[in-house]
Every structure is written in structure tokens, then in C-alpha cells.
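Heads up: the structure comes next, in C-alpha cells.
The values are calculated or read from the model by the stated rules, or taken from the named source; none is laboratory data. Everything numeric in this text was worked out from a predicted model, so none of it was measured. Because the Cβ atoms are built from the backbone with ideal geometry, glycine has one as well, and the counts that use them run over all protein chains shown. Ligands, DNA and RNA are excluded from the accessible area calculation, which covers all protein heavy atoms including side chains. Shrake-Rupley method; radii C 1.70, N 1.55, O 1.52, S 1.80 Å.
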Amino acid sequence: MAQALLSDGHDVSFVGTPEGTEARLAKDAGLTYHAIPARGFDRGAPLTIVPTAGTLAASTSRARGLLARERPDVVVGFGGYVSLAVGTAAATRRIPLVLHEQNAVPGLANRVLSRWASAVAVTHAESTGRLRHPERVHLTGNPVRPGIVGVGKSAGRAALGLEEDDTVLLAFGGSRG
């Protein structure tokens, strides 16, 4: 999405955690990067919600300051802990919020933020009923970089040193990697 917006002449900044891989990836892509602390809580250990709530409050305050300085026209969230702080800050500053949910079962951040979102893009139609304001939900699919879409099977096998008849199994993580 950032590449598409940049190619249309828009300014794009990325907000993520200080220690996440997104910091390196955003910088490699030439994006301005803002680090805001974020953390989740262990639902099996309810007391972890106390420090998580403190981090969320502090991060939301930092995000409000960032949004006041940057003055974005819109904030786009893709879920995750940092999205909760930035999305909440956008809602309190009355900046339009657009969300994207990649999973069939929406994550906590997007479920919470969907109440304030101007629009929610989803990959799977079944996500719609699990979000607030289904009338604001749009089935868009999952954005994929052109550099990935344009690579064919043969080029991928060659890059990995695989023969055409080798069996390939792709295993990957979900939202939490």
C-alpha cells in the first residue's frame, strides 16, 4: 500500500515498535519511520493487562503528539499492538481511520478500532460480521507488492536453487509470525 501511495505522489510515514522488523523494512523502503512502544498481554495471565494498559496509555499519548506534528489526512492501520495506540490517537484527534484486516478472524486491535473507523478493508468476507459497523466494511483482498506478484514459479525456483520437479512446501506464520 505504501508503494502505491508513494507512486501516486503521496507522503507516507510508518509507525511501528522500536524493536520490530518493520523498522528495518520501512527504512529499506525509504519510508519515514516513527517508533512507538507497544506490547500485548497474556490472556492466560490476566495481571499482565496492568502493564499493558500503562504502555497503551503512554503510547497513545505519544501517538497523539506525533499526529499533531505530522498532521496526516488519514491514518491506516493493519492491526497489531501499535495500531491500537495510533488508531485511538487518530480517533481522538478526529483524523479519518481506515483499517485493513488480513485474517478471517479479526484481531483484537482491529475489532476495537473498527467502532471509530471510516472504513475497514477485509481479505475475507466472513470477517465482516465480527467487526463493528459492517456497513463500513469492504471486501478488498490482501494487498501484495508488485515485486511479489510479478515473480513467476520458474523464477522463484531458480532463486532458491530448486529444480522444476522438486516438491516445495511453504510454511509460514500467521499474524504473530
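Taking Gly79 as meeting all but one of (1) part of a loop (DSSP other than H, G, I, E, B); (2) without any contact (Cβ under 8 Å) to a residue 40 or more places away in the chain; (3) open to solvent by less than 50 Å² (accessible area, probe 1.4 Å), write down the number of the exception.
Condition (2) is where Gly79 drops out.
If you go through segment 108-117 one residue at a time, how many are open to solvent by less than 30 Å² (accessible area, probe 1.4 Å) and either modelled with pLDDT under 95 or among the hydrophobic types (A, V, I, L, M, F, W, C) (or both)?
First, pick out the residues of segment 108-117 that are open to solvent by less than 30 Å² (accessible area, probe 1.4 Å): 109-110, 113-114, 117.
From what's left, either modelled with pLDDT under 95 or among the hydrophobic types (A, V, I, L, M, F, W, C) (or both): 109, 113, 117.
Residues flagged as open to solvent by less than 30 Å² (accessible area, probe 1.4 Å) and either modelled with pLDDT under 95 or among the hydrophobic types (A, V, I, L, M, F, W, C) (or both) within segment 108-117 amount to 3.
Consider segment 128-177. How many of its residues are under 21 Å from the mean Cα position of the chain (by Cα), of a type in the set (S, T, N, Q) and open to solvent by 70 Å² or more (accessible area, probe 1.4 Å)?
Residues flagged as under 21 Å from the mean Cα position of the chain (by Cα), of a type in the set (S, T, N, Q) and open to solvent by 70 Å² or more (accessible area, probe 1.4 Å) within segment 128-177 amount to 3.
Please go through (1) open to solvent by less than 50 Å² (accessible area, probe 1.4 Å); (2) under 21 Å from Glu19 (Cα atoms) for Ser61 and return the number of the only condition it doesn't satisfy.
The number of the failed condition is (1).
Looking at Val98, Val151, which is the one that is farther than 17 Å from Ala35 by Cα, out of contact with any helix residue (DSSP H, G or I) (no Cβ under 6 Å at 6 or more places or on another chain), at pLDDT below 95 and β-branched (Val, Ile, Thr)?
Details: Val98 fails: at pLDDT below 95.
Checking each option against the conditions leaves just Val151.
Does segment 1-32 hold any residues that are under 18 Å from His100 (Cβ atoms), open to solvent by 40 Å² or more (accessible area, probe 1.4 Å) and in contact with a Phe, Trp or Tyr (Cβ under 9 Å, 6 or more places away or on another chain), and which are they?
Correct list: Met1, Ser13, Phe14, Glu22, Leu25, Ala29.
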